[in-house]
Amino acid sequence: MPYKKAEQKFSGKINACEIGVGDAAISIGGENSLPFLGTEGFKTAVGIAISDTTDEWSDCFGTIYGDDLKNPAALAKAAVEKSGADFLLIKLESADPNGADNSVENCVATAVAVEAAISVPLVVEGCKNADKDAKLLEKVAQALEGKNVVLFSAVEDNYKTIGAAGGMAYGQKVAAESSVDINLAKQLNILLTQLGVKGKDILMDVGSAAVGYGFEYVASTMDRIRLAGLGQNDESLQMPIMTNISGEAWGVKEAVSTLEDAPEWGDQEARGVGMEVSTAAACVVGGSNAIIVRHPESVKAIKSLVAGIIG
């Protein structure tokens, strides 16, 4: 008996959000079904993450990138070329007041240099300090006006500054960070739209965790968000989801422990890639429209997975 796929019809639809400009621009979202269950061809854009501070990265990245690790622009170019990523994220980690406390001006210059070095859309992540990120991402938005970048991410403590500068004054896209909580996700999306940011210019950064480290909360949150946006036609939860799992996957013991520390676990690089691909794959089938990883081989694996499912 031939297999007949049963399709569930939904009244809602996920917004389509375009990032980047010109021939390099990509559109994420736009589906009206749960992941890979509809006829519209759900797919996930795959990005690669770099940072302006890589001192604590696994040794394997030194083998992959060499001296480019010390130059964010060169690293960005190499990362895209080696991975075939659809877009790139630069984390301005050095801006952290509790770390290097690099100046806003220096970090903005880094973002501008990275954007000029690549031919794919850019996502700019702050340092996760709300006050510093408000100042930093506003200046990044201004310096990259017309480039249609994503400011990653606004939180409740700084959404007014980032939303006003990113989504309104300088025409950038704004990611709203809600730390694995559907109610916070909805609230922040509402606050941004009330501020004046258009729904099509908002992405959801709902958070993540490495598989095996509380990922069930991520899975249930993504499911609830997607079912509310599609099944209940909740416009405040119809923004595409962008998920950066690079730090989570490469920060757990399976990826951090060296071969000398845990010889029974095998090659450290393979473990790190395995954790990253497993986590990314789970996010993809959960409904993430754009997934961000660190290792070039992880990008290739997830792109192959998505292509294989779509057929």
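Being surrounded by fewer than 23 Cβ atoms within 10 Å (Cβ to Cβ), small (Gly, Ala, Ser) and modelled with pLDDT under 95 is a property that does not hold for SER208. The residue of the stretch 300-309 that is surrounded by the fewest Cβ atoms within 10 Å (Cβ to Cβ), among those that are over 22 Å from ILE225 (Cβ atoms) and either among the hydroxyl-bearing types (Ser, Thr, Tyr) or modelled with pLDDT under 95 (or both), is GLY308. Scanning the stretch 220-252 for residues that are buried (at least 18 other Cβ atoms within 10 Å of the Cβ) and either of a type in the set (A, V, I, L, M, F, W, C) or over 26 Å from VAL123 (Cα atoms) (or both) gives MET222, ILE225, ALA228, LEU230, LEU237, MET239, ILE241, MET242, ILE245, ALA249, TRP250, VAL252. Scanning the stretch 54-78 for residues that are out of contact with any Ser or Thr (no Cβ under 6 Å at 6 or more places or on another chain), hydrophobic (A, V, I, L, M, F, W, C) and closer than 25 Å to LEU259 by Cα yields TRP57, CYS60, PHE61, ILE64. All conditions in (1) buried (at least 19 other Cβ atoms within 10 Å of the Cβ); (2) free of Cβ contacts under 8 Å to residues at least 12 places away in the same chain; (3) polar (S, T, N, Q) hold for SER51, with the sole exception of (2).
With the condition kept exactly as written, say whether any residue in the stretch 203-222 is among the aromatic types (Phe, Trp, Tyr), more than 25 Å from ASP157 (Cβ to Cβ), within 17 Å of the chain's Cα centre (by Cα) and part of a loop (DSSP other than H, G, I, E, B). No; the residues of the stretch 203-222 include none that is among the aromatic types (Phe, Trp, Tyr), more than 25 Å from ASP157 (Cβ to Cβ), within 17 Å of the chain's Cα centre (by Cα) and part of a loop (DSSP other than H, G, I, E, B). GLY286 meets each of the listed conditions (1) without any contact (Cβ under 8 Å) to a residue 12 or more places away in the chain; (2) within 28 Å of GLU31 (Cα to Cα) apart from (1). Of all the listed residues (GLU56, GLU93, GLU81), the sole one being within 19 Å of GLU248 (Cβ to Cβ) and without any contact (Cβ under 8 Å) to a residue 12 or more places away in the chain is GLU56.
Among the conditions (1) among the hydroxyl-bearing types (Ser, Thr, Tyr); (2) over 22 Å from GLU125 (Cα atoms); (3) in contact with a Lys or Arg (Cβ under 8 Å, 6 or more places away or on another chain), THR258 misses just one, which is (3). The set of residues from the stretch 280-302 being assigned to a helix (DSSP H, G or I) and under 18 Å from PHE36 (Cβ atoms) comprises ALA280, ALA281, ALA282, CYS283, VAL284, VAL285, GLY286, ALA301, ILE302.
Residue-by-condition table, conditions (1) surrounded by fewer than 24 Cβ atoms within 10 Å (Cβ to Cβ); (2) closer than 20 Å to GLY207 by Cα; (3) at pLDDT 95 or above:
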position: VAL123; (1), (2), (3): no, yes, yes
position: ASN129; (1), (2), (3): yes, yes, yes
position: GLU138; (1), (2), (3): yes, no, yes
position: LEU144; (1), (2), (3): yes, no, yes
position: LYS147; (1), (2), (3): yes, no, yes
position: VAL150; (1), (2), (3): no, yes, yes
position: ASP157; (1), (2), (3): yes, yes, yes
position: ILE162; (1), (2), (3): no, yes, yes
position: GLY167; (1), (2), (3): no, no, no
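Close contacts from the stretch 98-111, counting a first residue that is outside any helix (DSSP H, G or I) and a second that is crowded, with 20+ Cβ neighbours inside 10 Å and not acidic (Asp, Glu), with Cβ to Cβ under 6 Å and a gap of 6+ residues or different chains, come to ASN102/ALA95.
Anything in the stretch 253-299 that is basic (Lys, Arg) and buried (at least 17 other Cβ atoms within 10 Å of the Cβ)? List them, or say none. Even if it seems obvious, please write down each step before you answer.
First, pick out the residues of the stretch 253-299 that are basic (Lys, Arg): 253, 271, 294.
Result: ARG271, ARG294.
As for the stretch 23-37, it holds at least one residue that is out of contact with any Asp or Glu (no Cβ under 6 Å at 6 or more places or on another chain) and in a helix (DSSP H, G or I). Taken as a whole, the condition of being part of a loop (DSSP other than H, G, I, E, B), β-branched (Val, Ile, Thr) and in contact with a helix residue (DSSP H, G or I) (Cβ under 9 Å, 6 or more places away or on another chain) does not apply to THR63.
The values are calculated or read from the model by the stated rules, or taken from the named source; none is laboratory data. Being a predicted model, the structure only gives us computed values, none of them experimental. Don't worry about glycine lacking a Cβ; one is built from the backbone with ideal geometry, like all the others, and counts go over all protein chains shown.
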